[in-house]
Amino acid sequence: MNPLLECLKNTLGEKPFSRLTGAKIGIAGAGGLGSNAAMHLVRSGCQDLTIVDFDRIEASNLNRQFYFADQVGRFKVVALAENLKRINPDLHLRIETEEIGKENIEYLFADCDLWLEALDRAEVKKLFVEAAVTLGKKVVSASGIAGWGNSDALRIHQINSKLVIVGDLTSEVAQHRPPMSPRVSIAAAKEADVVLTWILGQGD
Amino acid sequence: MNIMINGEKAELRDTISLQRWVEEQNIPHTTVIIEYNGEIIPEERWGYVELKQGDQLEILKFVGGG
């Protein structure tokens, strides 16, 4: 067992630890939300991740996404797999470089129990959440994360027992309101925390 | 008949499907999910839901950014 997992097992205890390592998590998108949420989940002991994104890293992503300057031009999921394995070398990762759409969501994520929506476009967010509802999966999504300031507005909206939306629900990415690292990272961390809570139960 | 939309009372003239109501209200259907009496109804099922007295709708609109 590698040092990260050894420490987590000692900190959390055997049962919670094995729930974390056994959870099958699907992450749709490896941009600001997905790359950072994956980082938090891996640091927390999650071992079994499916991550899907068709995009390559651009210089403009480095202001908020979990990538480095020497990775520009590479597929996000490939670079992310490398970065995550530097945290936990024994990860079980399934990565796909497909564009997510109505026709492939089920095929890509049916094996995952917990879904994390980290997509850019509102239309695809909707499709992903509706697919999760149809398949009876738990899904955490994000909406309204752009800009800076008023970060307490990035709230957890518990829609029902299987659907949570994180964000202020209104701050859309725009010319004058770009996505910036602090708010995007907060939303990503909250999404990851919702997943942890599903796996471990509500903390104290 | 009266229904509740995002916590506010609204009046409907006739029985109408959720699909038709969304169209009439010019709701941007490609970016919203709809909770109908506590249950999220995927868009492909909107046509099968007939709105009736006392129904509660929550319209949740997604905005871009990830």
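Bear in mind that the values in this text are calculations on the coordinates, not laboratory data. Note that the structure is a prediction, hence the values are computed from the model and not measured. Virtual Cβ from ideal backbone geometry, glycine too; neighbours counted across all protein chains shown.
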Quick check, is A:ILE100 out of contact with any Ser or Thr (no Cβ under 8 Å at 6 or more places or on another chain) and not polar (S, T, N, Q)? yes
Going by the structure shown, is B:GLN19 polar (S, T, N, Q) and part of a loop (DSSP other than H, G, I, E, B)? no
Could you say which residue among B:TRP46, B:TRP21 is farther than 26 Å from A:ASP168 by Cα, more than 14 Å from chain A (Cβ to nearest Cβ) and surrounded by 16 or more Cβ atoms within 10 Å (Cβ to Cβ)? B:TRP21
With (1) touching a Phe, Trp or Tyr at 6+ places or on another chain (Cβ under 8 Å); (2) under 30 Å from A:SER35 (Cβ atoms); (3) hydroxyl-bearing (Ser, Thr, Tyr) as the list, and B:THR30 as the residue in question, which single condition is left unmet? (1)
Among the residues of region B:24-43, count how many are away from every other protein chain (no Cβ under 14 Å) and either within 19 Å of A:SER141 (Cα to Cα) or part of a helix (DSSP H, G or I) (or both). 1
